[in-house]
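Student: Structure incoming, see below.
The values are calculated or read from the model by the stated rules, or taken from the named source; none is laboratory data. What you see is a predicted model, and the numbers here were worked out from it, not measured in a lab. For neighbour counting, all protein chains shown are included, and Cβ atoms are generated from backbone atoms with ideal geometry for every residue, glycine included. In case anyone asks, the SASA skips ligands and DNA or RNA and just uses the protein heavy atoms, side chains included. Shrake-Rupley method; radii C 1.70, N 1.55, O 1.52, S 1.80 Å.
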Amino acid sequence: MPAAELVQAHYAETFERDMGCTEAEWLGWLPAALGDHAWQRSGPSVQARIGPGSLQIDWRPAAPRVLGSARIPRLLVRFAFAGLDDGQRHAFMKRFDVYMQRGGG
């Protein structure tokens, strides 16, 4: 199944995700995932301008997920949109999610 078909159908104004990555990995991927949108980082937070609205992304490290001898790093990420309707949130997150997708097959 193509990655674009794995995107959610709806994105709430505020939601949280459990990401399987380190903060360093997240910060390496984030600029390209945000694309051409103007953004500014302040510690474990990013404020991005998206058309008529904005997106606040906050993150914090969490205990790793342990599966047998494997330890998977975790980052808890909170997305908070303001001033964007459902279609605008979906358009942004569709690109963001496809860009952030790792592994699989």
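Listed here are the residues, each with its yes/no results for (1) surrounded by 13 or more Cβ atoms within 10 Å (Cβ to Cβ); (2) touching a residue at least 60 places away in the same chain (Cβ under 8 Å).
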residue: Asp36; (1), (2): no, no
residue: Gln40; (1), (2): no, no
residue: Trp59; (1), (2): yes, no
residue: Pro73; (1), (2): yes, no
residue: His90; (1), (2): yes, yes
residue: Met93; (1), (2): yes, yes
residue: Phe96; (1), (2): yes, yes
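Student: Might you let me know whether the stretch 33-52 holds any residue that is on the phi < 0 side of the Ramachandran plot and in a helix (DSSP H, G or I)?
Tutor: Yes, the conditions are met somewhere in the stretch 33-52.
Student: Something else about it: Considering only residues that are surrounded by 15 or more Cβ atoms within 10 Å (Cβ to Cβ) and either touching a helix residue (DSSP H, G or I) at 6+ places or on another chain (Cβ under 6 Å) or in a loop (DSSP other than H, G, I, E, B) (or both), which ones fall in the stretch 75-88?
Tutor: Correct list: Leu75, Phe81, Leu84.
Student: Of all residues in the stretch 13-32 being open to solvent by 40 Å² or more (accessible area, probe 1.4 Å) and part of a loop (DSSP other than H, G, I, E, B), which is farthest from Ala63 (Cα to Cα)?
Tutor: Top of the filtered list is Glu13.
Student: Would you say Gly51 is surrounded by 11 or more Cβ atoms within 10 Å (Cβ to Cβ) and modelled with pLDDT under 95?
Tutor: Yes, satisfied.
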